[in-house]
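Encoded as structure tokens, the structure appears first; notes follow it.
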Amino acid sequence: MTTAPRFASIDDALGLEDEQLALADIALLLARDAYPELDVGHYLMRLDAMAGEVGQRLAADADVFATLAELNRYLFQEQGFRGNFDDYYDPRNSYLNEVLDRRTGIPITLSLVYIEVGRRLGLPLDGISFPGHFLVKCPVDGGEVVLDPYSGGVSLGIDELEHRLHEVVGEQHAERIELTSLLAAAPKRDILVRMLHNLKVLYLRDEDLHRALAVCDRILQFKPDSVDDLRDRGVLYATLDCFTPALADLRRYLALRPDAPDSEQIRARVIELQAQSARLH
């Protein structure tokens, strides 16, 4: 028996409001691009079962802190989920099915597992798009707890968060940033797009252009006016000699961002593509 996904396809979710999106369901549907035979319901049932195991251990009056402690113990000590420090740039770290199977991943996918199991336990967890390293937060009486699933669910205080910010953006720039502004809950759509951006970077690095193009398509389904992704998709189309869609994307990029720093370069590319396309006709 498997748990039925809430959406039959990505298309079913695109028009929904952010609060209506189901992160695990959509992340697994996205994984089908790389794993066409993937059984989404099977992995949703795995998440249900994991939450069920944790829930059985909790006292009836367990508070948020007790639930978080038991969740950490279960995921990171018993189940062995851990950050993939040895092969951080393996694309498998960005697919939820692989993270559940291999019990290793990167900050955003381990956070996704943490959020999905925690929410099934009644914890109101949210993701945080903190600079350089995705985190999770949970409201408690009098404030919030910020957690790092990539480091075993450790709780991060203000001093540690400020230290991490300084390491990523530099001390001078960090002084001008209000820390609380970086701890807002990330919209679900943004979490999915951030996962896809990770994959795009990896596939471009590996020169796997067809997969990079497919990921760009997905990103633009969720954020149609993401101009950088529009440009990148156009360049990929051009590299693959798909002149008509390349021209469509690059012209739209220029229309949306006429004063972009690379606008002259892109205009030159459009002229070149027009000439190449004309020779084919």
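Every read-out reported here was derived from the displayed coordinates using simple, explicitly stated rules and does not represent laboratory data. Note that this is a predicted model, so its numbers are computed, not measured. When we count neighbours, we look across all protein chains shown, and the Cβ atoms used for this are built from the backbone with ideal geometry, even at glycine.
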Looking at region 50-68, is at least one residue among the polar types (S, T, N, Q), more than 28 Å from His210 (Cα to Cα) and in a helix (DSSP H, G or I)?
yes
For region 205-217, indicate whether the set of residues that are over 30 Å from Ile26 (Cα atoms) and either among the charged types (D, E, K, R) or in contact (Cβ under 8 Å) with a residue 60 or more places away in the chain (or both) is non-empty.
no
Return yes when Val117 is in contact (Cβ under 8 Å) with a residue 60 or more places away in the chain and over 22 Å from Leu165 (Cα atoms) and no when it is not.
yes
Sort out which residues of region 29-44 are closer than 25 Å to Leu209 by Cβ and assigned to a helix (DSSP H, G or I), and write them in order of number.
Leu29, Leu30, Ala31
Quickly run through region 221-255 and pick out the residues that are more than 20 Å from Leu209 (Cα to Cα) and over 25 Å from the mean Cα position of the chain (by Cα).
Arg251, Arg252, Leu254, Ala255
When residues of region 71-98 are limited to those that are of a type in the set (S, T, N, Q) and touching a strand residue (DSSP E or B) at 6+ places or on another chain (Cβ under 9 Å), the one farthest from Leu199 (Cα to Cα):
Asn72
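How about region 186-204: which of its residues are of a type outside the set (Lys, Arg) and free of Cβ contacts under 8 Å to residues at least 60 places away in the same chain?
Val193, His197, Val201, Leu204
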Can you tell which of Leu21, Leu38, Leu71 is over 27 Å from Val201 (Cβ atoms), in contact with a helix residue (DSSP H, G or I) (Cβ under 7 Å, 6 or more places away or on another chain) and surrounded by 14 or more Cβ atoms within 10 Å (Cβ to Cβ)?
Leu71
Residue list for region 100-128, filter: closer than 16 Å to Val140 by Cα, of a type outside the set (A, V, I, L, M) and in a helix (DSSP H, G or I)
Gly118, Arg119
Pro131 being surrounded by fewer than 19 Cβ atoms within 10 Å (Cβ to Cβ), within 13 Å of the chain's Cα centre (by Cα) and under 25 Å from Phe81 (Cβ atoms):
no
Filtering region 99-118 down to residues that are acidic (Asp, Glu) and more than 26 Å from Ala185 (Cβ to Cβ) yields Asp101
Taking the criterion of being more than 20 Å from Pro5 (Cα to Cα) and surrounded by fewer than 17 Cβ atoms within 10 Å (Cβ to Cβ), would at least one residue in region 108-119 satisfy it?
no
Restricting attention to region 108-117, does a residue exist that is touching a Leu at 6+ places or on another chain (Cβ under 8 Å) and farther than 30 Å from Asp61 by Cβ?
yes
